[in-house]
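Novice: Pasting in a structure now, in structure tokens, and then I'll have a few things to ask.
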Amino acid sequence: MSDAEGGLVPILEAALLAAGKPMTVAALGALFEEHERPAAEDLRAALATISERCEGRGYELIEVASGFRFQVRERYSPWVARLWQE
């Protein structure tokens, strides 16, 4: 499934936002029925596209040991941290 055909990029974006935890390439692939499951290299290409689309935004897509996740860029943390001040 290419992004132009069915929207792989938006599906992955939605899953990463909803998951609330990092997701591996295998876990992202498992979201699809077996007959429609994208290849790992297609998933990684879509993740690279998502990362590129985050340029200039207040958040980024990063890969940590437990998978991929969105996070606030460090330079914005002083403001975002105020959300949790008592």
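The values are calculated or read from the model by the stated rules, or taken from the named source; none is laboratory data. Keep in mind that this is a model prediction, so the values were computed, not measured. Quick reminder, even Gly has a Cβ in these numbers, built from the backbone with ideal geometry, and neighbours come from all protein chains shown. Areas reflect the complete protein model, heavy atoms only, side chains present, ligands, DNA and RNA absent. Shrake-Rupley method; radii C 1.70, N 1.55, O 1.52, S 1.80 Å.
Novice: Which one is surrounded by the most Cβ atoms within 10 Å (Cβ to Cβ), of the residues in region 64-78 that are in a strand (DSSP E or B) and out of contact with any Pro (no Cβ under 8 Å at 6 or more places or on another chain)?
Specialist: Here is the first cut: in region 64-78, the residues in a strand (DSSP E or B) are 64, 67-72.
Remaining after also requiring out of contact with any Pro (no Cβ under 8 Å at 6 or more places or on another chain): 70-72.
Details: Phe70: 16, Gln71: 12, Val72: 14.
Per the stated criteria, the residue is Phe70.
Novice: May I ask you to say which residue of Ala4, Ala40, Ala30 is modelled with pLDDT under 95, farther than 13 Å from Phe68 by Cα, open to solvent by 20 Å² or more (accessible area, probe 1.4 Å) and not aromatic (Phe, Trp, Tyr)? It would help to see each step written out before you state the result.
Specialist: Numbers: Ala40 fails: modelled with pLDDT under 95; Ala30 fails: modelled with pLDDT under 95.
Of the residues listed, the single one that is modelled with pLDDT under 95, farther than 13 Å from Phe68 by Cα, open to solvent by 20 Å² or more (accessible area, probe 1.4 Å) and not aromatic (Phe, Trp, Tyr) is Ala4.
Novice: Taking the conditions exactly as written (more than 15 Å from Ala15 (Cβ to Cβ) and either open to solvent by less than 70 Å² (accessible area, probe 1.4 Å) or touching an Asp or Glu at 6+ places or on another chain (Cβ under 7 Å) (or both)), does Ala81 satisfy them or not? Before the answer, list the steps.
Specialist: On the way: more than 15 Å from Ala15 (Cβ to Cβ): yes; either open to solvent by less than 70 Å² (accessible area, probe 1.4 Å) or touching an Asp or Glu at 6+ places or on another chain (Cβ under 7 Å) (or both): yes.
Considered against the rule, which asks whether it is more than 15 Å from Ala15 (Cβ to Cβ) and either open to solvent by less than 70 Å² (accessible area, probe 1.4 Å) or touching an Asp or Glu at 6+ places or on another chain (Cβ under 7 Å) (or both), Ala81 comes out as yes.
Novice: Okay, next question. Might you check whether a residue that is open to solvent by 80 Å² or more (accessible area, probe 1.4 Å) and on the phi < 0 side of the Ramachandran plot occurs anywhere in region 11-20?
Specialist: Initially, region 11-20 is screened for residues open to solvent by 80 Å² or more (accessible area, probe 1.4 Å), giving 17-18.
Retained after the next criterion (residues that are on the phi < 0 side of the Ramachandran plot): 17-18.
Checked region 11-20: at least one residue is open to solvent by 80 Å² or more (accessible area, probe 1.4 Å) and on the phi < 0 side of the Ramachandran plot.
Novice: Determine which member of the set Glu52, Glu33, Glu41 is closer than 30 Å to Val80 by Cα, free of Cβ contacts under 8 Å to residues at least 40 places away in the same chain and not polar (S, T, N, Q). Show your work before the answer.
Specialist: Working: Glu33 fails: closer than 30 Å to Val80 by Cα; Glu41 fails: closer than 30 Å to Val80 by Cα.
Result of the check over Glu52, Glu33, Glu41: Glu52.
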